[in-house]
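The values are calculated or read from the model by the stated rules, or taken from the named source; none is laboratory data. Since this is a predicted model, take the numbers as computed values, not measurements. As a convention, Cβ positions derive from the backbone with ideal geometry for all residues, glycine included, and neighbour counts pool all protein chains shown. What goes into the accessible areas is simple: the full protein's heavy atoms, side chains included, and nothing from ligands, DNA or RNA. Shrake-Rupley method; radii C 1.70, N 1.55, O 1.52, S 1.80 Å.
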There are 4 protein chains.
Amino acid sequence: MKDIQNQEDHRRINIKKVGVKTISYPVTVLDKARSKQHTIATVNMYVNLPHHFKGTHMSRFVEILNRFHGEIGLSSFHCILEEMKEKLEAEAAHIEMSFAYFLSENAAPETLKATRYECSMHGSLETEDELEFQVVVPVSLPLLEQAEPGLPRSPGEWGRAIVSVTFRNFIWIEDIIGCVQQAIDTEQQTIFNGEQRSFSVESLTRKIGTSLAQEEAIKGFSVRVENLARGYSTFATMEN
Amino acid sequence: MKDIQNQEDHRRINIKKVGVKTISYPVTVLDKARSKQHTIATVNMYVNLPHHFKGTHMSRFVEILNRFHGEIGLSSFHCILEEMKEKLEAEAAHIEMSFAYFLSENAAPETLKATRYECSMHGSLETEDELEFQVVVPVSLPLLEQAEPGLPRSPGEWGRAIVSVTFRNFIWIEDIIGCVQQAIDTEQQTIFNGEQRSFSVESLTRKIGTSLAQEEAIKGFSVRVENLARGYSTFATMEN
Amino acid sequence: MKDIQNQEDHRRINIKKVGVKTISYPVTVLDKARSKQHTIATVNMYVNLPHHFKGTHMSRFVEILNRFHGEIGLSSFHCILEEMKEKLEAEAAHIEMSFAYFLSENAAPETLKATRYECSMHGSLETEDELEFQVVVPVSLPLLEQAEPGLPRSPGEWGRAIVSVTFRNFIWIEDIIGCVQQAIDTEQQTIFNGEQRSFSVESLTRKIGTSLAQEEAIKGFSVRVENLARGYSTFATMEN
Amino acid sequence: MKDIQNQEDHRRINIKKVGVKTISYPVTVLDKARSKQHTIATVNMYVNLPHHFKGTHMSRFVEILNRFHGEIGLSSFHCILEEMKEKLEAEAAHIEMSFAYFLSENAAPETLKATRYECSMHGSLETEDELEFQVVVPVSLPLLEQAEPGLPRSPGEWGRAIVSVTFRNFIWIEDIIGCVQQAIDTEQQTIFNGEQRSFSVESLTRKIGTSLAQEEAIKGFSVRVENLARGYSTFATMEN
């Protein structure tokens, strides 16, 4: 938001972006264990305003999405962005897609076979593709299995970690989640070992950052850890 | 839903209720400590269909609500219901109102001075008034202040208790919440004493039921306790 | 909620239901056009309290759900309910499942190929199965294609119809939606014909009711039509 | 997110911000007609990480908020930010507050006396205060009062305008909303006059931009107009 030097300059009252948003759509995404996974995405598509945009062009976003029906995923992001740029004669194109991803776990029979993770991807194309992936990893309180009588063992939600990454190479969603989960397990271990008296948003943020920094395929990342307190949350964030 | 004996009988395709819903409105409610509290309510108002209802009568609901502007609360429920019955020539009138209620606590300075509770009231009038009040009380995990090193002390949400009551006499919202909180504290004590190894939805439901049964002003009640597990909740309910 | 005659009677502080809720799970449902459809469901499972229930039995709900992994739908509801009754030694078992259902439409290329409908099913088993199905059908304002200059043609949300049905025979989700949509189209036609000046919640509720009453496969039903006004909704309901 | 040149450089795994979020709190805000208005805010407070931050310092955010209990508003934002910077020894402090604001309207008795608007403010202080205000203004479809028989007159939601402004001078919330509403009315007039056949997100975005550019007190602004289509939204944005 810049200052208005000349309010008469009507050229400055210019549309910057146009598009469609909150389209709910069935999609398939790549799945490490089962090759592909069916899920439901919420999709936003928009372009930096082309020179000769008309309202009727809005339908082109939907036409492009329809053409990729059932086949949307990381791999088709580039093609969709290319087609948006071309069909709408735009300088830059953007697609955002958020979806639930289920991780199949070979856990005990009384544990849910499919754990849900909220994911989102943001792809953009001006001259080069850019892709950012985000996942929310829930942080449960450690169950004190070997705890002495007198200590609560019921589960409960401690909070969550929100991790965004950009890529050098391909990496499975499963491996990003695994990398975050490993840091959570390490934090938990420091508590069992008596090195630390409690989970802390700062310490967990740093551990997740350290864990992500060791992944070759990850180029850049940001981490936000939130702890549900009584009636609100505390949080810490980092970027790299 | 009953079986359709005679599908030709068009008199059975009858409207049963008409009304307005999800009106967001500033209201005041009675507050034990400060005499009254300003909050925002979501209001639903409806009647069992009057004989000569016209669409234009919808505005009467809003007119009645406007007349009680800023003065809606337990005390005015009866007047609103009476006016709805009369102005809309209906056999029965209903009002539902959900709102956030803040409890002021003389706690340590680092604790929030105002704790939020989700409340709702449902009043109806056919020949006699009926009023039901509901409150959601969050259940935190006990903080193990005196815990040995190696045990987590961070807060976290264990779950919540949803309590509905009908009344014999007037009782403050504060006293209903206090009654539920006392049961939660008792449950927590059994854990510290080693009588029980963990919070349980069944045991906490029973303790809250026992606590409410001892309140003279409370006529009937129902209790539902929910525990947030990893990705879902477990629950128990009772009614009295 | 009944009056408490004898507050000493501790047998009355009894748990009524126990279960699990808000489990998010990938499921498949029957699809008229494509034989089956992958979607994501939110599942609640509970039983009327068995005599010898222990907290550890909570995991049995998840075990049963896991066994039907990927195969949950109308057809498996009966088997799941049977297994819940047996494994938890309960008098009655309940399963609720809400999910997004996408209807593929052979529409113009600029229209979304898949339209989302919010659906839910509630099955229960005491001695006999009972199954109720609910769907929310959005009601858009008619686009005045042939309208004179000076009349708005932009789309917008007028409201929605919420329809619950019980069954005599099997009926496709597509056919229930089609039946509701036909009533919406008829209402719209009365406006174009000049018989009526506007959509009305009462009139649309009656038209949907009449339409559902003609479906052989539908045993009973309830209808609720809501119109989004500025800042709130008006509504009418009927039951049959 | 920058590239990781040296993954051994542990100084780069640094916390950037810490704070509290989603605190629900009763507040008062300035009201043009009634001097002040009681409402409920959701508050986030955070600082760029101070050098010697400890987890226990989290409680200072709550202590500061408590001290301004009941008196939070535009006027106290500066004091809160100053205190956050000082007490937490931080380089920069931020406060975000979103709240419902009710506009009292002297309208017909059947119209709601209080119309709800979603507002938010974001204040930050490094060396200088910065304040941004956002409001969401619903856009209803024009009611065609003088319409010929055969044209729908029922209300419905066309969409909404999301407007963010920064300030040169003080301006009432009422006047910002009025400025946006005036642009909506102008757009509607072009339709009644037959100059345009429908509301359009681009045209309405430009009209709101032109209207805001004429307000002396407004320094910079951004506008986003969204139109609810069947199952998704179309939108246009601009910035100045």
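It is to be established whether one or more residues within segment A:54-69 are under 23 Å from A:Q181 (Cα atoms), touching a Phe, Trp or Tyr at 6+ places or on another chain (Cβ under 8 Å) and either at pLDDT below 90 or not hydroxyl-bearing (S, T, Y) (or both). So that I can check it myself, show each step before the final result.
Start the filter on segment A:54-69 by keeping residues that are under 23 Å from A:Q181 (Cα atoms), which leaves none.
Looking through segment A:54-69, none of the residues is under 23 Å from A:Q181 (Cα atoms), touching a Phe, Trp or Tyr at 6+ places or on another chain (Cβ under 8 Å) and either at pLDDT below 90 or not hydroxyl-bearing (S, T, Y) (or both).
Counting residues in segment D:220-237 that are farther than 20 Å from A:H57 by Cβ, among the hydrophobic types (A, V, I, L, M, F, W, C) and more than 10 Å from chain A (Cβ to nearest Cβ) gives zero.
For segment A:138-150, residues that are open to solvent by less than 70 Å² (accessible area, probe 1.4 Å) and either at pLDDT 95 or above or out of contact with any strand residue (DSSP E or B) (no Cβ under 9 Å at 6 or more places or on another chain) (or both) total 3. Checking the structure you have, find out if any residue of segment C:72-80 is modelled with pLDDT of 90 or more and in a helix (DSSP H, G or I). Yes, some residue in segment C:72-80 is modelled with pLDDT of 90 or more and in a helix (DSSP H, G or I). Taking first residues from segment C:181-194 that are free of Cβ contacts under 8 Å to residues at least 24 places away in the same chain and partners that are outside any helix (DSSP H, G or I) and open to solvent by less than 70 Å² (accessible area, probe 1.4 Å), the Cβ contacts under 6 Å between residues at least 6 apart in sequence or on separate chains come to C:T190/C:Q196; C:G194/D:G150.
Identify, from the list B:I176, B:I162, B:I171, the residue that is more than 8 Å from chain C (Cβ to nearest Cβ), part of a helix (DSSP H, G or I) and aliphatic (A, V, I, L, M). Give the steps one after another, and end with the answer.
Details: B:I162 fails: part of a helix (DSSP H, G or I); B:I171 fails: part of a helix (DSSP H, G or I).
From the options B:I176, B:I162, B:I171, the qualifying one is B:I176.
Residues in segment B:196-219 that are at the interface with chain C (Cβ under 7 Å from one of its Cβ atoms) and among the small types (G, A, S) were compared, and the one that is farthest from C:I13 (Cα to Cα) is B:S200. Considering only residues that are hydrophobic (A, V, I, L, M, F, W, C) and open to solvent by 10 Å² or more (accessible area, probe 1.4 Å), look in segment B:92-120 and name the one that is modelled with the highest pLDDT. Checked segment B:92-120; the qualifying residue modelled with the highest pLDDT is B:L103.
Considering only residues that are among the polar types (S, T, N, Q) and part of a helix (DSSP H, G or I), which ones fall in segment B:179-198? Steps first, answer last, please.
Let us first name the residues in segment B:179-198 that are among the polar types (S, T, N, Q), namely B:181-182, B:186, B:188-190, B:193, B:196, B:198.
Hits for segment B:179-198 are B:Q181, B:Q182, B:T186, B:Q188, B:Q189, B:T190.
Residues checked against (1) at pLDDT below 90; (2) more than 9 Å from every other protein chain (Cβ to nearest Cβ):
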residue	(1), (2)
C:I4	yes, no
C:R11	yes, yes
C:K17	no, no
C:T22	no, no
C:V29	yes, yes
C:K32	yes, yes
C:V43	no, no
C:V47	no, yes
C:P50	yes, yes
